[in-house]
Amino acid sequence: QVQLVESGGGLVQPGGSLRLSCVASGNIFSINTMGWYRQAPGKQRELVASITNTGSTNYAGSVKGRFTISRDNAKNTVYLQMNSLKPEDTAVYYCNYNYFSYSEYRDRDYWGQGTQVTVSS
């Protein structure tokens, strides 16, 4: 079992910045991918950014150049630095932990509780 604890969400003006943090604990497998997803009302949950344990990253085109994902493997923590925020970035942001379960022969996902990010004047 993996638990994800998020922090850093809130209200920010357009053009502002926020940094989200997510700490994973429990039965952590060192080979994993952590990332951030977001879901706006009435829309599908979408990948914002992800990062593997080796540091390979992936970003949604809408946030590339504005957001930066990073991680501290020793602390099992992933960060999302969000700059130049836009109103369309408003959503609930979810931390994700993914690994391959050999016993179940499938990928497994764990999710944080979600943190609200609101970009508005």
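The values are calculated or read from the model by the stated rules, or taken from the named source; none is laboratory data. The structure displayed is predicted, hence computed values, not measured ones. Cβ coordinates were reconstructed from backbone atoms using ideal geometry, including for glycine residues, and neighbour counts include every protein chain displayed. Calculation scope for accessible area: heavy atoms of the full protein, side chains included, ligands and nucleic acids excluded. Shrake-Rupley method; radii C 1.70, N 1.55, O 1.52, S 1.80 Å.
For the reader, a short list of remarks on this structure follows.
- Whole-angstrom gap from segment 1-38 to segment 59-95, using each part's C-alpha centre: 8
- Taken one residue at a time, the phi angles of segment 57-63 give Karplus couplings (6.51, -1.76, 1.60, θ = phi - 60°) of 10, 9, 10, 5, x, 6, 10 Hz. Gly and Pro are set to x.
- Here residue 3 and residue 60 are evaluated by their C-beta separation; at R0 = 30 Å the FRET efficiency comes out at 0.70.
- Note that segment 43-54 has calculated 3J(HN,Hα) couplings of 10, 6, 5, 10, 6, 9, 6, 9, 8, 7, 5, 8 Hz, one per residue in order, obtained from phi through the Karplus relation 6.51 cos²θ - 1.76 cosθ + 1.60 (θ = phi - 60°); glycine and proline are x.
- Sulfur and carbon atoms: percent of accessible area, the chain [1.4 Å]: 47
- Where 28, 69 fall by accessible area, highest first, once all protein chains stay in place (1.4 Å): 28, 69
- With R₀ set to 30 Å, the beta-carbon distance separating residue 13 from residue 44 gives a calculated FRET efficiency near 0.65.
- Full-stretch length increase - residue 83, residue 100 - with 0.36 nm per residue and alpha-carbon distance subtracted: 2.9 nm
- Backbone HN-Hα couplings from phi across segment 3-13 [Karplus 6.51/-1.76/1.60, Hz, Gly and Pro as x]: 10, 10, 10, 9, 7, x, x, x, 9, 9, 7
- Counting every C-alpha pair in the chain, the share spaced more than 26 angstrom apart comes to 17%.
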